[in-house]
1. If the requirement is being among the aliphatic types (A, V, I, L, M) and closer than 28 Å to Arg35 by Cβ, which of these qualifies: Ala106, Ala142?
2. Among the residues that make up segment 159-169, is at least one of them among the small types (Gly, Ala, Ser), in contact with an Asp or Glu (Cβ under 9 Å, 6 or more places away or on another chain) and either touching a residue at least 12 places away in the same chain (Cβ under 8 Å) or more than 16 Å from Gly91 (Cα to Cα) (or both)?
3. For segment 65-77, indicate whether the set of residues that are of a type in the set (Gly, Ala, Ser), assigned to a helix (DSSP H, G or I), surrounded by fewer than 20 Cβ atoms within 10 Å (Cβ to Cβ) and under 13 Å from the mean Cα position of the chain (by Cα) is non-empty.
4. Can you name every residue in segment 108-136 that is surrounded by fewer than 18 Cβ atoms within 10 Å (Cβ to Cβ) and farther than 20 Å from Ala70 by Cβ?
5. Report the residue count in segment 120-158 for those that are touching a residue at least 12 places away in the same chain (Cβ under 8 Å) and not in a helix (DSSP H, G or I).
6. Look at Asp117 and say whether it is charged (D, E, K, R) and assigned to a loop (DSSP other than H, G, I, E, B).
7. Any idea how many residues of segment 28-53 are touching a helix residue (DSSP H, G or I) at 6+ places or on another chain (Cβ under 7 Å), under 15 Å from Ala111 (Cβ atoms) and assigned to a helix (DSSP H, G or I)?
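Values quoted throughout were computed directly from the atomic coordinates according to the rules given, and no laboratory measurement underlies them. Please read all numbers here as calculations on a predicted model, not as lab measurements. Every residue, glycine as well, gets a Cβ built from its backbone with ideal geometry; the counts of neighbours run over all protein chains shown.
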Amino acid sequence: MISTPRGDRPDHPDPSDRATGLDARRFVAAQDADRTFERAMAELRAGSKRTHWMWFVFPQLAGLGSSPTAVRYAIETLDAARAYLDHPVLGARLRAAAELVADAPAESAQALLGGIDSVKLRSSMTLFAAAADAADAPDDVAVFRRVLDRWYDGRADPVTVELLGAGPA
């Protein structure tokens, strides 16, 4: 289990949140509630997502989802995505979950996650590959690219790329 360090309690905000607008506490709290992150990892290991955790385990860029939950857990900027990756709990958990997805015993991303969540995964991996690349973190880029390679023929999500301002994919 990847636990929550003392500094990530809701009464101890992360100082980087002010600079990036990330508000890491919302993600940590959602992942920790009812052992949701552990359950998500078990579902990925089993090859079939069964419960609702996609928004805060594999967040995507703001502007892609319109539900209240999607909006609440949207990552606003590339800087916020980098802060997510740099966060001692969230970054480690995202990398671990991405590794499981890349190696998941499933026929397709749709079989693993369902149709809608497989689209969200592609968006999330595109966002975090870009954030890792911007932070010059090649090992992280490789983790997220591996997911894109396995499930999406290496293709980034074009809408995420466009929203990031990098032009068409």
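1. On the way: Ala142 fails: closer than 28 Å to Arg35 by Cβ.
Within the list Ala106, Ala142, the selection yields Ala106.
2. Residues of segment 159-169 that are among the small types (Gly, Ala, Ser), as a first pass: 165-167, 169.
Now restrict to residues that are in contact with an Asp or Glu (Cβ under 9 Å, 6 or more places away or on another chain): 169.
This time we only want the ones that are either touching a residue at least 12 places away in the same chain (Cβ under 8 Å) or more than 16 Å from Gly91 (Cα to Cα) (or both), so: 169.
Yes: segment 159-169 contains one or more residues that are among the small types (Gly, Ala, Ser), in contact with an Asp or Glu (Cβ under 9 Å, 6 or more places away or on another chain) and either touching a residue at least 12 places away in the same chain (Cβ under 8 Å) or more than 16 Å from Gly91 (Cα to Cα) (or both).
3. The first filter runs over segment 65-77 and keeps only residues of a type in the set (Gly, Ala, Ser), leaving 65-67, 70, 74.
Right, trim to assigned to a helix (DSSP H, G or I) and you get 70.
Retained after the next criterion (residues that are surrounded by fewer than 20 Cβ atoms within 10 Å (Cβ to Cβ)): 70.
Applying the additional criterion that residues be under 13 Å from the mean Cα position of the chain (by Cα) yields 70.
For segment 65-77, residues of a type in the set (Gly, Ala, Ser), assigned to a helix (DSSP H, G or I), surrounded by fewer than 20 Cβ atoms within 10 Å (Cβ to Cβ) and under 13 Å from the mean Cα position of the chain (by Cα): present.
4. Result: Ser108, Ala111, Asp133, Ala134, Ala135, Asp136.
5. 5
6. Details: charged (D, E, K, R): yes; assigned to a loop (DSSP other than H, G, I, E, B): no.
So Asp117 does not fit the description; no.
7. Keep residues of segment 28-53 that are touching a helix residue (DSSP H, G or I) at 6+ places or on another chain (Cβ under 7 Å), which gives 28, 30-31, 36-37, 40-41, 44-45, 47-51, 53.
Imposing the further condition that a residue be under 15 Å from Ala111 (Cβ atoms) reduces the set to 44-45, 47-50.
Filter once more, keeping what is assigned to a helix (DSSP H, G or I): 44-45.
The number of residues fulfilling the criteria is 2.
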